[in-house]
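Quick note: the coordinates plus some simple rules give every number you see, no bench work behind them. Bear in mind that the values here come from a model prediction, so they are computed numbers and not experimental data. Here the Cβ positions follow ideal geometry from the backbone for every residue, glycine too, while neighbour counts run over all protein chains shown.
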Amino acid sequence: MPDVAEIARSSSTEKRSVQHYIDERPIWSDGTILPSVPMTAMQWRIWTLAAAGKFFEGFVVFMTGVALPLISREFGIGSAQNGLISAASLLGILIGAIGLGGMSDTFGRKRMFIIKMIIFVAFLVLLLFCTNFISLIVCLLGLGIALGCDYPTAHMIISESIPSTSRGKLVLAAFAFQAVGALGGTAVGYFVLVADPSLDAWRWMYATAIIPAVLVTVGRFYIPESANWLHIRGATEKAEQAAQRLLLRKPLYPGTITLARAAADAAEGHGKGGFLALFNARNRRATIFASVP
């Protein structure tokens, strides 16, 4: 039996948050309410592109283990240098995730989603032309930093683009692709080594990731910016357009998206030095909630 109150809310013209529209169950023209919130094609695209970043993380780290004996023989390095090679990408991931992961809060989810992938591809290509131990360490560190930066950005862009009911399982599923990448990197390294047992085989191992990484990079250009991020920054009209792209489905629902201006006003006040006003507004809300019996 359709929920009459929900139908009334859905047909209302009141302005809402981005997440309200994402979580809203579509109501078709005959009054049918879907039992759950279906993911749109754009939401699945965003999830796939975010999961791909986790795949490359496992792929590169575990492929390095397969390539290490060849690298060691080609450059004539010892066990201490081998340890540094194994740790370089992991150290880069740590640095990127902790030190640079918050850049998407400043520059935008989509922009950093793209930039980090471009950096990954650039260092991946440079890795093929390394001629000594130092250049190899620099490239592996750069790969790790790019992947580490992508870690929190991928989490945020998934969380801000999908229904709340699906958020937990889809975030975990995306991060599980790190294990898939680990298996893939090990398998690709093995098959490349079987096909080409020369010392240069390790370069071909990393080269196999270039085309997929380029495709993922291009794909990230064709997603909308996070409507939540735009809304909280005060760009309400752009947020409405981004949410409309995100929730595009057939039949079309919702028909139009009209977001509340409260977030925009707060962001504008904060940008103009109105931190005290924003602080007081939050305190007023807290006082109201506290006074409710």
field: Long-range tail of P(r) for region 108-155 (Cα pairs > 18 Å, %)
entry: 32
- prompt: Which ³J(HN,Hα) values in Hz, rounded to whole numbers, follow from the phi angles of region 85-100 under the Karplus curve 6.51 cos²θ - 1.76 cosθ + 1.60, where θ = phi - 60° and Gly and Pro get x?
  reply: 4, 5, 8, 4, 5, 5, 5, x, 4, 4, 4, x, 5, 7, x, 10
- prompt: Just going by the charge dipole of region 41-223, with Lys and Arg at +1 and Asp and Glu at -1 on Cβ, which of Trp44, Val194, Ala176 is farthest out on the positive end?
  reply: Trp44
query: Out of region 13-91, which GluC sites (Glu not before Pro) are coil in DSSP terms and have no more than 13 other C-beta atoms within 10 Å?
result: Glu14
- request: Please work out whether region 129-228 counts as rounded, prolate or oblate from its C-alpha gyration tensor, where a ≥ b ≥ c are the square roots of the eigenvalues and a/c under 1.5 means rounded, while otherwise a/b larger than b/c means prolate and anything else oblate?
  value: prolate
- request: Just need log10 I(q)/I(0) for region 41-223 at q = 0.12 Å⁻¹, Debye formula, equal scatterers on the alpha-carbon atoms, no solvent, rounded to two decimals.
  value: -0.54
- request: Do me a favour and compute the ellipsoid semi-axes for region 172-220 from its Cα gyration tensor, root of five times each eigenvalue, largest one first, whole Å.
  value: 24, 15, 6
message: Restricting to DSSP loop positions (anything but H, G, I, E, B) with no more than 10 other Cβ atoms inside 10 Å of their own Cβ, which trypsin sites (Lys or Arg not before Pro) remain in region 210-256?
response: none
message: Using only the alpha-carbon atoms, what does region 110-186 span along each of its principal axes? Please give whole angstrom values in decreasing order.
response: 50, 30, 14
- request: Starting at the first residue of region 50-64, write each ³J(HN,Hα) from the Karplus equation 6.51 cos²θ - 1.76 cosθ + 1.60 with θ = phi - 60°, in whole Hz, x for Gly and Pro.
  value: 6, 5, 4, x, 5, 4, 5, 4, x, 4, 5, 4, 7, 5, 4
- request: Let me have the relative contact order for region 41-223, percent, based on Cα pairs under 8 Å that are six or more residues apart.
  value: 42
query: Ratio of Rg to Rh for region 47-120, alpha carbon only, Kirkwood?
result: 1.08
field: Exceeding the 19 Å Cα-Cα cut-off - candidates Lys54/Lys250; Lys110/Lys238; Lys54/Lys169; Lys116/Lys169
entry: Lys54/Lys250; Lys116/Lys169
statement: Taking the alpha-carbon centre of each part, the distance from region 194-255 to region 84-137 in Å is 17
query: Loop-only check: which chymotrypsin sites (Phe, Trp or Tyr not before Pro) in region 156-239 are DSSP coil with at most 12 other Cβ within 10 angstrom?
result: Phe221, Tyr222
